[in-house]
């Protein structure tokens, strides 16, 4: 057993023995996930070099408080960067980026409203923060996460924070007439982009052992079904019309069907068929090419590894051309969003994060 695998096994074992003491919340499920290397395939050398340059850029530019100086600054950015640091298999507790990981976790949890569980700024941030913490849960030993000077009210564990964030997402959905999510937790409209971010966070939390009501997942999937046309195109909002080509939205819908284990749905087959027909090219739509690639990489990998391998080669070529010497990547949503989303698109090559498991 190598050092990284041993470290994860040790964390999982100590968590199982110690458990999680939660005040005012239901007990977190004891079967928190532990990370294991999920591939025997070697990662291409150029991918490893690109990924490492990107991580160094994120490590060098992280604020002292744990976030990044982005125009989209907030828990969502820290959640995405957290996944970047963990996705390549570096030890989250003793590895070279363990300090960056812990600062990102502390910042994310500090951003959370301890009463409502909401991470603030928008439900985009909430979804990506929830996803990042879910991937860290069971892999990062957070028993000594907080300094003694941190107020006790802020010293939540990853599990406690996840439970609160799930509660916030479920409460928001219950108040939403469409059974999904919009930018604000009080929003009564919904769109497939925000809903995809929140639903992926819920699915990751459920996979990590956090209790997520089946009703919540089912309602969200029903929303995506209503938004999917027989052509495989996916509407942005409303569910009546608005079906045009957006490979980002189509990839989001296809991915949530796959991760929710609803590949039996005709809408899964319709969206995946569209992605296969547009394996190269197509319109990204909302969010730009980085946003599309983040979801498309995962959707193709879940659906057809051979198709993903073909698509991935073009992704690697494109990112090699645009990555700067300092490891950053510019994009439509700013440097930090573009860099983290691009790295996470490449991270499927490692097949390490639990949410990337087929």
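None of the figures in this text is laboratory data; all of them are computed from the coordinates on show. Nothing here was measured: the structure is a model prediction, and the numbers come from that model. Positions of Cβ are backbone-derived with ideal geometry, glycine not excepted, and every protein chain shown enters the neighbour counts.
Of interest is the spacing of the C-alpha centroids, which for region 182-257 and region 101-174 amounts to 22 Å.
The label-point distance for residue 116 and residue 64, in a model that sets each label 7 Å from Cα toward Cβ, rounds to 3.0 nm.
For the peptides 95-104, 120-129, residues were scored by their other Cβ atoms within 10 Å and the scores averaged per peptide; the highest-first order is 120-129, 95-104. Using a cutoff of 8 angstrom between alpha carbon atoms and counting only pairs six or more residues apart, the relative contact order for the chain works out to 19 percent. Legend: translational diffusion of region 45-151 by Stokes-Einstein, Rh = Kirkwood radius over C-alpha pairs, 4 °C, 1.567 mPa s; D = 92 µm²/s. Out of every Cα-Cα pair that region 242-323 contains, those further apart than 14 angstrom amount to 59 percent. Between 342, 88, 70, the Gaussian network model of the chain with springs among Cα atoms under 10 angstrom shows the greatest mean-square fluctuation at 70. Its relative contact order, with pairs defined as Cα atoms under 8 Å and 6+ residues apart, puts region 150-287 at 19 percent. Working note: Cα atoms of region 114-159, range along each principal axis, descending, whole Å: 31, 24, 12.
Could you calculate the FRET efficiency of residue 318 with residue 358 from 1/(1 + (r/R0)^6), where r is the beta carbon distance between them and R0 is 22 Å, rounded to 0.05? Given R0 = 22 Å and the Cβ-Cβ separation, E is 0.35. Considering all C-alpha pairs of the chain, those separated by over 35 Å amount to 17%. With neighbour counts taken as other beta-carbon atoms within 10 Å, the residues 311, 68, 181 rank, fewest first, as 311, 68, 181.
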